[in-house]
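K.L.:
Have a look at this one.
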Amino acid sequence: MLTLFDALRGMDTISVIVKMICAFILGGVIGLERSYKNRPAGFRTHILVCVGACVASMTGLYLYLVLNLPADMSRIGGNVITGLGFIGGGTIVVTKKHMVKGLTTAAGLWTTGIIGLAIGAGFYEGAIIGSILVLLVETYFSTLRSKIQHAPEFKIAISYYHRNNLDEVLRYCKDEKMSITNLQIAGRKESDIAMYSALVTLRPGGEIDHRDLINRIDKMEGVISIEEL
């Protein structure tokens, strides 16, 4: 631990002011990056979360150290972390293309709150290092992610007679190193024959010949028809 911060770890007026200013600055720096990228939770939201968590952390310390009450100092912080999960959930949306947006912002907001708790407890080193790492993830890692090549998802619509026929198809897809990211099943009846249809979303583990895959599944027992959407 750095001795530089030893005089500011207590609950005197100077320490409280420094903690609040530190929470304001670190929360603002993280929020500034989110605002620059036009994310749902931006500059002001991150400041409020960080400062609020800092006050909550200091309140627990104040009740125990100053008022000498039999209080659990960690309970307030635990409730803050739980509450931040609900706030972060409001930034997560699912687009029309079934893509999830806002997870990084929600995680950053949650981490910002924990940074505020660390500041309120006087753990300046952890708060500063944590803020640097959050900024590193939200700036540099976002460009690094775009450089990672991955095979795009695709959908296939299958009609089949029995449910175990679909199990065979899904098992074959897994054997071919494909992940099943979504599955929708609908049943229908034509004449006296029960038929089913399924919409399967697949993510290949590498390069794959879609036409060859369709042909192989089409020849499987119980499969009536299959097409790529």
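K.L.:
Surrounded by 18 or more Cβ atoms within 10 Å (Cβ to Cβ) and more than 22 Å from Thr139 (Cβ to Cβ) - does that describe any residue in the stretch 22-32?
P.N.:
Checked against the condition, which is being surrounded by 18 or more Cβ atoms within 10 Å (Cβ to Cβ) and more than 22 Å from Thr139 (Cβ to Cβ), the stretch 22-32 yields no hits at all.
K.L.:
For Lys101, all conditions in the list (1) among the charged types (D, E, K, R); (2) in contact (Cβ under 8 Å) with a residue 60 or more places away in the chain; (3) over 15 Å from Arg9 (Cα atoms) hold save one; what is the number of the exception?
P.N.:
(2)
K.L.:
Do we find that Ile92 is closer than 28 Å to Thr181 by Cα and aliphatic (A, V, I, L, M) in this structure?
P.N.:
yes
K.L.:
Ok, one more. Quick check: anything in the stretch 199-210 modelled with pLDDT of 80 or more and in contact with a Gly (Cβ under 6 Å, 6 or more places away or on another chain)?
P.N.:
Checked against the condition, which is being modelled with pLDDT of 80 or more and in contact with a Gly (Cβ under 6 Å, 6 or more places away or on another chain), the stretch 199-210 yields no hits at all.
K.L.:
Right, here's the next one. Of the residues Asn164, Asn215, Asn182, only one is assigned to a helix (DSSP H, G or I) and at pLDDT below 85; which?
P.N.:
Asn164
K.L.:
List the pairs whose first member sits in the stretch 164-182 and is crowded, with 17+ Cβ neighbours inside 10 Å, whose second member is at pLDDT 85 or above and part of a helix (DSSP H, G or I), and whose Cβ atoms are under 6 Å apart, counting only residues at least 6 apart or on separate chains?
P.N.:
Matching pairs, first to second residue: Val169/Ile217.
The values are calculated or read from the model by the stated rules, or taken from the named source; none is laboratory data. The structure presented is a predicted model; accordingly, all values stated were derived computationally and were not measured. Here Cβ is always computed from backbone atoms with ideal geometry, including for glycine, and neighbour counts include all displayed protein chains.
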